[in-house]
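Note sheet for the following structure.
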Amino acid sequence: MQTYLVGGAVRDQLLGLEVRERDWVVVGATPDEMERLGYRRVGRSFPVYIHPVSGEEYALARTERKTAPGYRGFSVNATPGVTLEEDLQRRDLTINAMAQDDAGRIVDPYGGQKDLANRCLRHVSDAFREDPVRILRVARFAARFAPQGFSVAPETMELMRDMVRAGEAHALVPERIWQETEAALDAPRPDVFIGILRECEALAVIFPEIDALWGVPQPARWHPEIDTGTHLLMALRQAALLSPSPEVRFAVLVHDLGKGTTPPERWPRHTGHEERSVELAGALCKRVGAPNRFRDLGVAVARYHGLAHRALELRPATILKLLEAVDAFRRSSRFEDFLLACEADSRGRLGLADAPYPQADWLRRALRAAKSVDAGAIASQGLEGEAVGQAVHEERARAIAAELAAARTGTP
């Protein structure tokens, strides 16, 4: 019985990155032996155990054989005769197919260290094609390691494209799609995730609403980059620079979906795309099981980002309606996320990546003014029922008007 550190822990250690979690493979053991040593089994499809002291995962070395379409269609062999090299061969990328023994020696039968040096994401073997989740994983790794200069090997990209054309991407289940997407949104370059999926043609299968944005023009006056899909990637890049929040990045991802359904005869204008974006964003979230916090922010940004962009031109009453619509009075943190997503959208245009976005401070100042209104004092004036709410609303509008008038004259 031998144990080896495997996978991401070895990779990140060699890259000089923080090792967040450690996984182990056990060669030459049986389930009975593991349990006698105090390991607790947690794997149902294949034997994975929790160490009785460290709590880390230990899996018996195994091979897998494809028996049906999709990522669940496998038969597993985890007998004691499975070698470390056989276990590593079933893994997705060479940089994830390395192990380290107790003496610190690296076991690297498939060239992982060379691909680390060359900053290359390359599949280990043709067995890669047996699991469609690997398409998503490669795109996610590309998003994570793009700052280190990693890119997908041409032969791996071609293999992923072949898998999509063979229908494997249709076997992806919603929970795995969302799991990998959320992780990619948390990576430094979520725009790379979307770009890789589009390059291998998986985006049209997984997120057809997003894929439909490419080839759709916008008015050059407002969008010098013209193409809506290009704008999406630029805005997503800005979102990653402005905020670490996956929710903000997701909101940017779905903010313009309605433009993909604009009839070509109406191009480059997209009248009413906001409401179409809301509908499409809601359907996408429902299909992949996105949590409510992602859906709610995404829908708010899809519906109101255009209004936020015009904040400097809006009447105080309209600004107040916007603040109420995005629930800024009760959910100030989400309001900040809303503003960040709008700013990313504004900056995600050709030549405007460093442009200021004064609308955000304008709306923050308006919210502070509206919050300064003492609703309790108004209620104590003898008003009842809806009259109280109406009076508070009117006083907030007046407070916003006074505050923005002061802002225009430069008054603090």
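Coordinate-derived values only; no laboratory data. Computed from a predicted structure; not experimentally measured. Virtual Cβ from ideal backbone geometry, glycine too; neighbours counted across all protein chains shown.
A few points about this structure:
- Folded to 0 to 90 degrees: helix 316-325 orientation relative to the chain principal axis, Cα: 30
- In this Cβ point-charge picture (+1 for Lys and Arg, -1 for Asp and Glu), the chain has a dipole of about 680 debye about its Cα centre.
- Over the chain: helical MRE at 222 nm, DSSP H runs n ≥ 4 each giving -39500 (n - 2.57), nearest 500: -15000 deg cm²/dmol
- The DSSP beta bridges internal to the chain are antiparallel in roughly 75% of cases.
- With respect to the chain, whose longest principal axis is taken over its alpha-carbon atoms, helix 174-185 is tilted by about 70°.
- Centre separation in Å (Cα based) which lies between segment 1-42 and segment 275-338: 44
- Compared with the dominant Cα axis of the chain, that is its longest principal axis, helix 292-309 is turned about 40°.
- Count of Lys pairs (Cα-Cα under 29 Å; at least 8 positions apart or interchain) in the chain: 5
- Hydrodynamic estimate: the Kirkwood radius of segment 1-121 over Cα pairs, inserted into Stokes-Einstein at 25 °C and 0.890 mPa s, corresponds to D of 163 µm²/s.
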